[in-house]
Amino acid sequence: MPPLLSCLTNPPPPHGGGGPRAAPPPPPPPRARPAARGPRARNTKAYLQYVAGKIAGAIVSLFAVLVTSFFLFRLIPSDPVKQMTGGRRVSAQQLETLRHQFGLDLPLWQQFTNYIGDALTGDFGTSYQFHTPVIDKITEALPATLLLTGTAYVLYTALGIWLGTRTAWRNGSRSDRFNTAFALTLYSIPSFWLGLLLIIVFSVGLGPIPGLFPTGGLESGGESGFAYVMDVAHHLVLPVVTLVAVGYAQTLLVMRSSLLDEMGSDYLTTARAKGLRDDVVRRKHAVPNAMLPTFTLMFVNLGHVVAGQILVETVFSWPGLGGLFYSALSVPDLPLVQGLFFVFATAVILANTLADVLYPLLDPRVGR
């Protein structure tokens, strides 16, 4: 075959020569994932800044509480040392010894610096009247307070939200007028006065009504096992009813007002136009949006669960933080009063801060 024809019928390999083909070029390295941009990144940054601001504000508030608790209770016109002696005749030298023992003979500025330094390490001093560390007395009384106020909190929150929703959805009906008027009446009654009325009627007995419940305390004593549980529950009835009566009224009024503001919204009209049942519109559309103000109130009340109810615990002789605060204030037992005041304020501040941090997750408009 002629050379020209051979080249046309058998062309040379594309890579030249008859040797092995060259390896294909390596794939390009993976591109780095770009940093998040757009509304999501901006919202995350704004939320973190919002949370940092709330935490910083809480820290400043806690320090202000420390300062306030030190100076506030020293304005009480009473001598703790003389109160501790119980009116007995005591020589001036013995009084000076007691003042030196509790550090009351130091200058005020030195008492303040010692108090701040010890409080930052969790040491609130020693109780004047119990002669034990303040933190031990608080830890001892905390379970009784949590039992009382925690039980009441769960009951009045659930009851208030349920009744507030139903009364608002039936605005203007007979049940709405009755429940609203009854809630306003209970909300206007001081809790300690309501507790005294319940003691008179259901503990002491009034007319044909016999005394059904104990007048106070956590237990009768001498019980164990299931009988002890029933005894504590028996003592819980009247103080829990007192707290529920006042707490549910507040929750009902807030929930009702919030839901009434939502009932005229366009999205509810659209949901009804789609053929959704009325209870579905209320449960899945109206109530979640109306819960935002009630959500804040729930966290405020959650702080009061730890803070306790001083007057109610005092009226019912409940051995919790509230009754402990009242007995310490009557001396005054300055370390115990200061420690309890700080615990109460810290619980409220932390609950409010937690509500502020979680609120933007429910309503994205907050924190922008």
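Somewhere in segment 83-94, is a residue surrounded by 12 or more Cβ atoms within 10 Å (Cβ to Cβ), at pLDDT below 80 and not polar (S, T, N, Q)? Don't jump to the end; show me each part of the working.
Let us first name the residues in segment 83-94 that are surrounded by 12 or more Cβ atoms within 10 Å (Cβ to Cβ), namely 83-85, 90, 94.
Remaining after also requiring at pLDDT below 80: 83-85, 90, 94.
Filter once more, keeping what is not polar (S, T, N, Q): 84, 90.
Yes, some residue in segment 83-94 is surrounded by 12 or more Cβ atoms within 10 Å (Cβ to Cβ), at pLDDT below 80 and not polar (S, T, N, Q).
Could you grab me the full set of residues in segment 180-197 that are under 13 Å from residue 254 (Cα atoms) and either among the charged types (D, E, K, R) or open to solvent by less than 30 Å² (accessible area, probe 1.4 Å) (or both)?
Matches in segment 180-197: 180, 183.
Counting just the residues of segment 198-242 that are outside any helix (DSSP H, G or I) and of a type in the set (A, V, I, L, M, F, W, C), which one comes out least open to solvent (accessible area, probe 1.4 Å)?
Looking only at segment 198-242, we keep the residues that are outside any helix (DSSP H, G or I), and these are 206-225.
Checking which are of a type in the set (A, V, I, L, M, F, W, C) leaves us with 206, 209, 212-213, 218.
On the way: 206: 94, 209: 65, 212: 92, 213: 56, 218: 38 Å².
The selected residue is 218.
Within segment 229-257, track down each residue that is small (Gly, Ala, Ser) and under 21 Å from the mean Cα position of the chain (by Cα).
Across segment 229-257, the qualifying residues are 245, 247, 249.
Just give me the residues in segment 275-291 being open to solvent by 10 Å² or more (accessible area, probe 1.4 Å) and either assigned to a helix (DSSP H, G or I) or in contact (Cβ under 8 Å) with a residue 40 or more places away in the chain (or both), in sequence order.
So the first thing to find is which residues in segment 275-291 are open to solvent by 10 Å² or more (accessible area, probe 1.4 Å), and the list is 275-280, 282-285, 287-289, 291.
Within segment 275-291, 278, 279, 280, 282, 283, 284, 285, 287, 288, 289, 291 qualify.
Just the residues that are surrounded by fewer than 17 Cβ atoms within 10 Å (Cβ to Cβ) and at positive phi, please, taken from segment 101-157.
103, 122, 131
Looking at residue 294, is it of a type in the set (S, T, N, Q), open to solvent by less than 40 Å² (accessible area, probe 1.4 Å), assigned to a helix (DSSP H, G or I) and under 27 Å from residue 134 (Cα atoms)? It would help to see each step written out before you state the result.
On the way: of a type in the set (S, T, N, Q): yes; open to solvent by less than 40 Å² (accessible area, probe 1.4 Å): yes; assigned to a helix (DSSP H, G or I): yes; under 27 Å from residue 134 (Cα atoms): no.
Taking the combined requirement at face value, the residue does not satisfy it.
Name the single residue that is surrounded by the most Cβ atoms within 10 Å (Cβ to Cβ) among those in segment 30-64 being among the β-branched types (Val, Ile, Thr) and at pLDDT 85 or above.
51
Please work out which residue is modelled with the lowest pLDDT, limiting yourself to segment 252-274 and to residues that are open to solvent by 60 Å² or more (accessible area, probe 1.4 Å) and not in a helix (DSSP H, G or I).
264
So the check is Cβ under 6 Å with 6+ separation or different chains; which pairs have a first residue in segment 220-236 that's on the phi < 0 side of the Ramachandran plot and a second one that's open to solvent by 50 Å² or more (accessible area, probe 1.4 Å)?
Listed by first residue and then by second, the contacts come to 231/219; 231/220; 231/223; 232/219.
The values are calculated or read from the model by the stated rules, or taken from the named source; none is laboratory data. A quick note: this is a predicted structure, and the numbers were derived from the prediction, not measured. Every residue, glycine as well, gets a Cβ built from its backbone with ideal geometry; the counts of neighbours run over all protein chains shown. These accessible areas exclude ligands, DNA and RNA; they are computed on the full protein's heavy atoms, side chains included. Shrake-Rupley method; radii C 1.70, N 1.55, O 1.52, S 1.80 Å.
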